[in-house]
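Taking it in order: structure first as structure tokens, then the write-up.
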Amino acid sequence: MVSTTGLVNAALPDDLLAEVFLHVAADAAGKADLDSCALVCRRWCAVERASRRAARVPVDGPDGDVVVRCVAERFPGLTDVFLDHGLYIAAGASAAAAERSKAQGWDNERRRSDENHIQCSASSEDMQEEDDSDGVNPTSFTDAGLLHLIEGCKGLEKLTLNWFLHISEKGLVGIANRCRNLQSLALSGGSVQNHGLITLAEGCNISELKLCGVQELTDEGLVEFVKIRSKSLVSLDISFCNGCITDRSLDAIGTYCHNLEVLSVESKHVKVNNGIISVAKGCQCLKSLKMVWLGVGDEALEAIGSSCSALENLSLDNLDKCSNRSLFSIANGCKQLKSLIIKSSVKFTDRSIERVSQNCKMLQHMEINMCHIVETAALEHIGQRCINLLGLTLNCLWIENNAFLGFGRCCSLLKSVCLANCCKISDEAISHIAQGCKNMRELSIISCPQIGDEALLSVGENCKELKELTLHGLGRLNDTGLATVDQCCFLEKLDICGCKQITDYGLTTIIRECHDLVHLDISDTKKIGDTTLAKVGEGFPKLKHLMMLRCDAISDVGLADIARGCLQLEECGVFRCSQVTPAGVATLAGGSSRLQRIIVEKCKVPEEATGKCRMINDPILISYY
């Protein structure tokens, strides 16, 4: 009798099978599904390896170069590679397993039980009391590993280097010489000299460049880069790079980069308006603009409003010199605006927000963050006029309940709402939104002290499609309100961190009805204990992330229930749970085969794992396998 796999292999040639794998990769769970496909048979493994296009590779620890070399040899068809220094994975374990596999032959597919690992971590603030480590993240990822990658993956088109402390100009020159097809490059947390960036511009057809926290680079190198890549450059993102973004470099961007569509700039070295004015006049195709800490004034934003009519996304962060004049100009000239983010502005008032709501009819996302003189009237105008609004984020505003009447009546398309530190709004505000926005998918209410049960009652009755619910620090919320959320049966994320009135009863009610939950956070809820964890193990079979930090009512008994029931669990936090012992952590670690990370105090790591622990980072990660 011919097996099903044999029939498929007989019918599908390699190129068609590779096309199937590409469709699998496009799915949300593509990585795990591709790994499963590779285990079916040797042919599928070979085809999948040759056709895989994207990979996120850990380079922590002493085996960074080995890991990258193994990845490059196994997956030569990669076009998108993210080399991540902060990825939570036991790089040493993966590298060691890869070396063993190589010694036995690449086609010898084995169960990777020797690669299973758990990672235990704690926040840096708390762990300062637990450990005297210097917080340095050891890594041996160097130019040699980078050269292995670019030699093995010759079709590389997108490369991200995160925290590349030991990559020198030699590595960057290697990219320039060998990666002729490279179009997107992101460099975060390392050193880039002017000559290295210029060489990259000369050797690669880069259209997207992101620089974050790089050292040594000056505006001289950036100016030469934009001159060379003036025709191809479409997206430029530069932040925390000391003095490389100045008025001179902005002037060069405006002079040469006429096809630029995305520009994000964070710099305190931009002191006058000339640079942004040059960008406005020269980059009239600009669709997305983000400015942080720039010392520009109204004249710069007026130039953007008059010249960049195609602008769709605008973010203004800590622009202290800009007043209502700036937003008036944006509203009058940028009628295609879809997203507006305003943060930490001391001069924007209700009048300018009203003008935006009048003129920008296509607005879909609005965020107003720490703009203390924006009041209720501004939100009333947005609610009444921005009928296409999909997302709303408000933080630290002195607004009242009336601000949300218009959203309930006119913004029926609204799907995402985040309200944080809005101390004057009460249950009535949430009721206005819930009653009119029945298609809402995400709701976050953070540190709004007057919001309690009545708000959640309205959410449960009206927002049946809700998938994500975050309730942080709501002291007035108790079981009665939370229990009504059981009507949102499609809920995938529930976060009730700091809601100290919630008990086992309130959460158990949700467990009975919401079986699709993937993320649950009950941190700082003093009254939720083992009774709830027993129900979680039974009722949430899809759970992947479980946070229970500082929950004193939870013990080893509850962790045993989680280990038995939540077999898809990938991450779990039990930091500073006073009744949890090393034995309980060991039981938890022996549960889900997919568990990658446990957040726990160093002293509670099981003794049998202590010899296999290694310090990775600050916040400290203790990986064992």
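The values are calculated or read from the model by the stated rules, or taken from the named source; none is laboratory data. Keep in mind that what you see is a predicted model, and the values were worked out from it rather than measured. Neighbour counts run over all protein chains shown; Cβ positions are idealised from the backbone, glycine included. Keep in mind that these areas ignore ligands, DNA and RNA; they rest on the heavy atoms of the full protein, side chains included. Shrake-Rupley method; radii C 1.70, N 1.55, O 1.52, S 1.80 Å.
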Is it true that some residue in the stretch 534-551 is acidic (Asp, Glu) and either open to solvent by less than 10 Å² (accessible area, probe 1.4 Å) or not in a helix (DSSP H, G or I) (or both)?
no
Residues in the stretch 434-468 that are under 28 Å from the mean Cα position of the chain (by Cα) and under 22 Å from Asn388 (Cβ atoms): how many?
14
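Would you check if Phe348 is under 20 Å from Ser309 (Cβ atoms), of a type outside the set (Asp, Glu) and not in a strand (DSSP E or B)? Let's see the steps before the verdict.
On the way: under 20 Å from Ser309 (Cβ atoms): no; of a type outside the set (Asp, Glu): yes; not in a strand (DSSP E or B): yes.
Considered against the rule, which asks whether it is under 20 Å from Ser309 (Cβ atoms), of a type outside the set (Asp, Glu) and not in a strand (DSSP E or B), Phe348 comes out as no.
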Note: among Asp126, Asp143, just one is surrounded by fewer than 21 Cβ atoms within 10 Å (Cβ to Cβ), modelled with pLDDT under 50 and out of contact with any strand residue (DSSP E or B) (no Cβ under 7 Å at 6 or more places or on another chain), namely Asp126
For the stretch 487-504, give me each residue that is within 10 Å of Ile522 (Cα to Cα) and in a strand (DSSP E or B).
Leu494, Asp495
Meets criteria (of a type outside the set (Asp, Glu), closer than 19 Å to Ile425 by Cα and buried (at least 24 other Cβ atoms within 10 Å of the Cβ)) for Ile446
no
Condition first: open to solvent by less than 50 Å² (accessible area, probe 1.4 Å), touching a strand residue (DSSP E or B) at 6+ places or on another chain (Cβ under 8 Å) and in a helix (DSSP H, G or I). Can you find one or more residues in the stretch 385-406 that meet it?
no
Applying the selection to the stretch 552-597, what residues are open to solvent by 20 Å² or more (accessible area, probe 1.4 Å), assigned to a helix (DSSP H, G or I) and touching a strand residue (DSSP E or B) at 6+ places or on another chain (Cβ under 8 Å)?
Asp556, Ala589
So which of Ile341, Ile276, Ile304 ends up being under 27 Å from Leu392 (Cα atoms) and open to solvent by less than 10 Å² (accessible area, probe 1.4 Å)?
Ile304
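Would you say Lys500 is touching a Lys or Arg at 6+ places or on another chain (Cβ under 8 Å) and modelled with pLDDT of 95 or more?
Values: touching a Lys or Arg at 6+ places or on another chain (Cβ under 8 Å): yes; modelled with pLDDT of 95 or more: no.
For Lys500, the condition - touching a Lys or Arg at 6+ places or on another chain (Cβ under 8 Å) and modelled with pLDDT of 95 or more - is not met.
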Which condition number in (1) part of a loop (DSSP other than H, G, I, E, B); (2) buried (at least 19 other Cβ atoms within 10 Å of the Cβ); (3) in contact with a Gly (Cβ under 6 Å, 6 or more places away or on another chain) is the one that Leu165 fails?
(2)
Of the conditions (1) without any contact (Cβ under 8 Å) to a residue 40 or more places away in the chain; (2) open to solvent by 20 Å² or more (accessible area, probe 1.4 Å); (3) more than 16 Å from Val59 (Cβ to Cβ); (4) assigned to a helix (DSSP H, G or I), the single one that Arg180 does not satisfy is (4)
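Answer with yes or no whether Gly498 is surrounded by 18 or more Cβ atoms within 10 Å (Cβ to Cβ) and either within 20 Å of Ser431 (Cα to Cα) or acidic (Asp, Glu) (or both). Give the derivation first.
Values: surrounded by 18 or more Cβ atoms within 10 Å (Cβ to Cβ): yes; either within 20 Å of Ser431 (Cα to Cα) or acidic (Asp, Glu) (or both): no.
Criteria not met by Gly498.
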Close pairs (9 angstrom Cβ cut-off, 6 or more residues apart or separate chains): under 14 Å from Arg512 (Cβ atoms) in the stretch 482-500, among the β-branched types (Val, Ile, Thr) and in a loop (DSSP other than H, G, I, E, B) anywhere
Leu482/Ile496; Leu482/Ile502; Leu494/Ile522
Can you say whether Val214 is under 28 Å from Asp80 (Cα atoms), touching a helix residue (DSSP H, G or I) at 6+ places or on another chain (Cβ under 7 Å) and either modelled with pLDDT under 95 or open to solvent by less than 20 Å² (accessible area, probe 1.4 Å) (or both), as far as the supplied structure shows?
no
Within the stretch 464-478, how many residues turn out to be crowded, with 17+ Cβ neighbours inside 10 Å and under 20 Å from Lys526 (Cβ atoms)?
8
Here are some conditions: (1) open to solvent by 60 Å² or more (accessible area, probe 1.4 Å); (2) modelled with pLDDT of 90 or more; (3) of a type in the set (Gly, Ala, Ser). Ser36 meets all but one. Which one does it not meet?
(2)
Out of (1) farther than 26 Å from Lys424 by Cβ; (2) of a type in the set (Asp, Glu); (3) surrounded by fewer than 18 Cβ atoms within 10 Å (Cβ to Cβ), the odd one out for Glu461 is which?
(1)
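Among the residues of the stretch 183-194 satisfying the criterion of being within 21 Å of Asp60 (Cα to Cα) and of a type in the set (S, T, N, Q), which is most open to solvent (accessible area, probe 1.4 Å)? Please lay out each step first, then the result.
To start, the set of residues in the stretch 183-194 that are within 21 Å of Asp60 (Cα to Cα) comprises 185-192.
Remaining after also requiring of a type in the set (S, T, N, Q): 188, 191.
On the way: Ser188: 25, Ser191: 46 Å².
Top of the filtered list is Ser191.
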Filter the stretch 59-82 down to the residues that are touching a Phe, Trp or Tyr at 6+ places or on another chain (Cβ under 8 Å) and more than 23 Å from Phe21 (Cβ to Cβ), then identify the one that is modelled with the highest pLDDT.
Asp65
Per the filter on the stretch 307-334, residues open to solvent by 10 Å² or more (accessible area, probe 1.4 Å) and of a type in the set (S, T, N, Q) are Ser307, Ser309, Asn313, Ser315, Asn318, Ser323, Asn324, Ser329, Asn332
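Within the stretch 354-382, which residues are assigned to a loop (DSSP other than H, G, I, E, B), of a type outside the set (Val, Ile, Thr) and open to solvent by less than 10 Å² (accessible area, probe 1.4 Å)? If you could, list the steps in order and put the result at the bottom.
As a first pass, look at the stretch 354-382 and keep what is assigned to a loop (DSSP other than H, G, I, E, B): 360-364, 370-375.
With of a type outside the set (Val, Ile, Thr) added as a condition, the list becomes 360-364, 370-372, 375.
Passing the criteria: Cys360, Leu363, Cys371.
Can you tell me which of Val262, Val296, Val292 is touching a strand residue (DSSP E or B) at 6+ places or on another chain (Cβ under 7 Å), closer than 20 Å to Ile341 by Cα and buried (at least 24 other Cβ atoms within 10 Å of the Cβ)?
Only one candidate qualifies: Val296.
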Consider Gln568 carefully, then state whether it is farther than 26 Å from Asn478 by Cβ and polar (S, T, N, Q).
yes
